[in-house]
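A quick write-up on the structure given underneath.
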Amino acid sequence: MQTTLSPEFQNTLAGREAEAILRKCVHCGFCVATCPTYQLLGDELDGPRGRIYLIKQVLEGAAPTRETQLRLDRCLTCLNCETTCPSGVQYGRLIDIGRQLVDQRVSRPLPERRLRAWLRHGLGSPLFGSAMRIGQAVRGLLPAALRAHVPQRQSAGAWPKGRHECKVLLPAGCVQPSMAPNIDAATARVLDAAGIQCVRPRGGGCCGAVKFHLADAEGGLTRMRANIDAWWPLIERGEVQAIVINASGCGAMVKQYGHLLRHDPRYAGKAARVSELAHDVSELLPSIVPVLRGRLRQPGGVLAWHAPCSLQNALRLGGTVEEHLAALGLPLRPAAHEAHLCCGSAGAYSVLQPALSRQLRERKLGYLQGERAADRPAAILSANIGCITHLQAGADVPVRHWIEVVDELLPA
């Protein structure tokens, strides 16, 4: 796609990166067919190709409007379009750049500014855990819309005490320890059973995705640097062999640290090493399965499977969990249709675009749960805290991380 940058963008890193991405686009439209928001709304500007044109216009000097902002806001950043693009357009990076540029030029109404500020600063705050505990204590009194984002309180169980030669760093993240603490504990127990020890770093927190995808690139980069500082002593001393992440959305962001900090002279090398060491926990399954095969009890009932967009599109690990859990005697049933489409969680999307998010969730749950009571699975499994919480708010059955089920079926 021929692009002529406006002078204000010609000598900027964002402008040059966006131009390189735009030049790959051949306007073929394959992306439109796989875009969830285009399927719901049927408008070209609510699909990747239309949004690419809007960003191109801004980069060429056109003044963005609230309408431009709205169209970019509606994007889930699910990256499904990237999987069908024959030209390799890095749409995810382009939409982040476009949102940043538009938000710098288009003022939002005060309620939107307040909500986005709360999301940017609140989700990664040390106070989030306290706020979540209060919310869980009064959950029954909360309005339905708010209650959907407050899961019931969960016990994590014991952290394993085993010591193993193979050690991996397990970051704490931000919301997961408060919303679903059992995921981390279950991860540690399963890896312990396979001879791998999970080590917790001192410090660190949010991976930076919330700020970065809400047009606060510098705030996101600050979070990334803080995590690198917290993790680096363990990496530098060779005390861990990998960074294992059990929220696929966070893993997708950590994998980008090297690219996003490549121009930072202090952090470029460290960021590249962190991205190299970062693995979704499902990437350890080839090592785990031979050790655990034959040791698990059988589950009671069918287990449905929802692959998060971050797992199948960003990390390109579609099929990994299904293949290896089947080898452990835990076959997963994918959604009857549209298994590749987003559930509507998409980070903060369910808060910022609740109507579209609910439509996508109900569509997804219809295919996961089936139309008849006889088709209901015993549980829906996924791999990302956002998807799990979002789906659970509308599901008739438990929604869990797949590693929790593996942990539960381990012999006592």
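So here's what we get for this one:
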{"quantity": "Of all residues making up the range 29-57, the number that are crowded, with 23+ Cβ neighbours inside 10 Å, farther than 20 Å from residue 212 by Cα, hydrophobic (A, V, I, L, M, F, W, C) and modelled with pLDDT of 95 or more", "calculated": "1"}
{"quantity": "Count - residues of the range 365-393 that are closer than 25 Å to residue 41 by Cα, in contact (Cβ under 8 Å) with a residue 40 or more places away in the chain and over 17 Å from the mean Cα position of the chain (by Cα)", "calculated": "3"}
{"quantity": "Qualifying position, being touching a Gly at 6+ places or on another chain (Cβ under 9 Å) and either crowded, with 18+ Cβ neighbours inside 10 Å or not acidic (Asp, Glu) (or both), among 199, 190, 240, 210", "calculated": "210"}
{"quantity": "Test: residue 304 is closer than 18 Å to residue 398 by Cβ, of a type in the set (Gly, Ala, Ser) and buried (at least 23 other Cβ atoms within 10 Å of the Cβ)", "calculated": "yes"}
{"quantity": "Enumerated helices (runs of 4 or more DSSP H) restricted to the range 1-59, each holding at least 1 residues that are under 28 Å from residue 354 (Cα atoms), of a type in the set (Val, Ile, Thr) and in contact (Cβ under 8 Å) with a residue 40 or more places away in the chain", "calculated": "36-41, 48-59"}
{"quantity": "Among the residues listed as 83, 68, the single one being within 23 Å of residue 260 (Cβ to Cβ), of a type in the set (Ser, Thr, Tyr) and outside any loop (DSSP other than H, G, I, E, B)", "calculated": "83"}
{"quantity": "Among (1) open to solvent by 20 Å² or more (accessible area, probe 1.4 Å); (2) closer than 19 Å to residue 123 by Cβ; (3) part of a helix (DSSP H, G or I) - the single one residue 227 does not satisfy", "calculated": "(1)"}
{"quantity": "Residues of the range 152-172 satisfying the condition of being in contact (Cβ under 8 Å) with a residue 60 or more places away in the chain and open to solvent by less than 30 Å² (accessible area, probe 1.4 Å)", "calculated": "168, 169, 170, 171"}
{"quantity": "Number of positions in the range 1-28 that are among the hydrophobic types (A, V, I, L, M, F, W, C) and open to solvent by 50 Å² or more (accessible area, probe 1.4 Å)", "calculated": "4"}
{"quantity": "Any chance residue 246 is in contact with a strand residue (DSSP E or B) (Cβ under 9 Å, 6 or more places away or on another chain) and closer than 19 Å to residue 168 by Cα", "calculated": "yes"}
{"quantity": "Subset of the range 99-121 (residues that are surrounded by 12 or more Cβ atoms within 10 Å (Cβ to Cβ) and small (Gly, Ala, Ser))", "calculated": "117"}
{"quantity": "Residue list for the range 192-215, restricted to those being closer than 19 Å to residue 238 by Cα and either in contact with a strand residue (DSSP E or B) (Cβ under 9 Å, 6 or more places away or on another chain) or of a type in the set (Gly, Ala, Ser) (or both)", "calculated": "195, 196, 197, 198, 199, 200, 201, 203, 204"}
{"quantity": "Residue match in the range 255-275 (condition: farther than 28 Å from residue 102 by Cα, open to solvent by less than 10 Å² (accessible area, probe 1.4 Å) and outside any strand (DSSP E or B))", "calculated": "yes"}
{"quantity": "The range 276-301 - residue that is among the charged types (D, E, K, R) and either in contact (Cβ under 8 Å) with a residue 40 or more places away in the chain or assigned to a helix (DSSP H, G or I) (or both) and, of those, least open to solvent (accessible area, probe 1.4 Å)", "calculated": "280"}
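The values are calculated or read from the model by the stated rules, or taken from the named source; none is laboratory data. If you're wondering where the values come from, they're calculated on a predicted model, not measured in any experiment. All Cβ positions, glycine included, derive from the backbone under ideal geometry; neighbour counts span all protein chains shown. All accessible areas refer to the heavy atoms of the entire protein, side chains included, with ligands and DNA or RNA removed. Shrake-Rupley method; radii C 1.70, N 1.55, O 1.52, S 1.80 Å.
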